[in-house]
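Input: a single structure, listed below in structure tokens.
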Amino acid sequence: MRHFLIIISGIRWRTILTLFGTAFVIIASLFMLYFANPDTFISFIEDETSFDHVADRIKAWDNPHLYTDGAAMQSIKSMLAIGSGQLSGKGSMNYQVWIPERHTDMIFTAVAEQFGFVGASILVVLYFLMIYRIIQIALETKDPFGTYLAVGIVGMFTYQIFQNIGMSVQLLPLTGLPLPFMSYGGTSLLVYMAAIGLILNVRSRQKSFMFESEN
């Protein structure tokens, strides 16, 4: 979210390229270190930080079949559920693969298993249309604050959608991010609805009405 705001804030491109270039070099170096000597990388994370579960998830993401009964169990079952849905799915509420926390973090697997590739594709297209429409509002509004607000919300939705679906298909390590408007959770749903409300407010302030007063 912050990265999207930095890009449109009017900051010099030289500064942006320097920041993102530095971040890219650091991330690339970490990946090279991990693939060159994974044992040293994992031991560093476990020894120097208190996030032992991070190391477990990285190892499970890299070699899931070595941790089928541990950290990779959820991701493996996720792929089984998504694959078992095939083209059109098994039907509503027809679950045959047990997945922990299906209703929260792994809700995308429920969609793919019940409605197959068609249902999952429709969900992704709906997300794309929502993000596309928010970007349109950000481009059309004449209020800089409204533009920043819309772009920040686009960044929030884009990151969480990509991260959640990516971890469901083993493209990314497992995290606890919910899928917007789909995962169970009152707080997350409240935040997403508030974000859409802010976008509608930005849109309403640039819309002309038939009986609008000139004063």
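Can you find, within the stretch 164-178, the residue that is surrounded by the fewest Cβ atoms within 10 Å (Cβ to Cβ) among those that are touching an Asp or Glu at 6+ places or on another chain (Cβ under 8 Å) and farther than 17 Å from ALA81 by Cα?
Ranking the qualifying residues of the stretch 164-178, first place goes to GLY176.
Would you mind telling me which numbered condition in (1) in contact (Cβ under 8 Å) with a residue 60 or more places away in the chain; (2) surrounded by 18 or more Cβ atoms within 10 Å (Cβ to Cβ); (3) farther than 29 Å from VAL97 by Cβ ALA195 fails?
(1)
Under 6 Å between Cβ atoms, at least 6 apart or on separate chains: pull out the pairs that start in the stretch 71-93 with a residue that is in contact (Cβ under 8 Å) with a residue 60 or more places away in the chain and end on any residue that is of a type in the set (Lys, Arg) and buried (at least 18 other Cβ atoms within 10 Å of the Cβ).
If the second residue must be of a type in the set (Lys, Arg) and buried (at least 18 other Cβ atoms within 10 Å of the Cβ), the pairs left are ALA71/ARG57.
Would you point out which residue out of PHE117, PHE181 is open to solvent by 40 Å² or more (accessible area, probe 1.4 Å), modelled with pLDDT of 90 or more, outside any helix (DSSP H, G or I) and closer than 25 Å to MET93 by Cα?
Every option except PHE181 fails the conditions.
Condition test on GLN160, is it modelled with pLDDT of 90 or more and within 26 Å of ARG57 (Cα to Cα)?
In short, yes.
One line per residue, one yes/no per condition, for (1) in a helix (DSSP H, G or I); (2) at pLDDT 75 or above; (3) open to solvent by 90 Å² or more (accessible area, probe 1.4 Å):
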position	(1), (2), (3)
ALA55	yes, no, no
ALA60	yes, no, no
PRO100	no, yes, no
PHE108	yes, yes, no
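Looking at the stretch 79-98, which of the residues that are open to solvent by less than 30 Å² (accessible area, probe 1.4 Å) and of a type in the set (A, V, I, L, M) is modelled with the highest pLDDT?
ALA81
Looking at the stretch 1-53 only, could you name the residues that are basic (Lys, Arg), at pLDDT 65 or above and in a helix (DSSP H, G or I)?
Once the filter is applied, which keeps residues that are basic (Lys, Arg), at pLDDT 65 or above and in a helix (DSSP H, G or I), the stretch 1-53 yields only ARG14.
The values are calculated or read from the model by the stated rules, or taken from the named source; none is laboratory data. No experiment lies behind these values; they were computed from the predicted model shown. Counting neighbours? That spans all protein chains shown, and the Cβs are built from the backbone with ideal geometry, glycine included. Note: accessible area is taken over every heavy atom of the protein model, side chains too, but ligands, DNA and RNA are not part of it. Shrake-Rupley method; radii C 1.70, N 1.55, O 1.52, S 1.80 Å.
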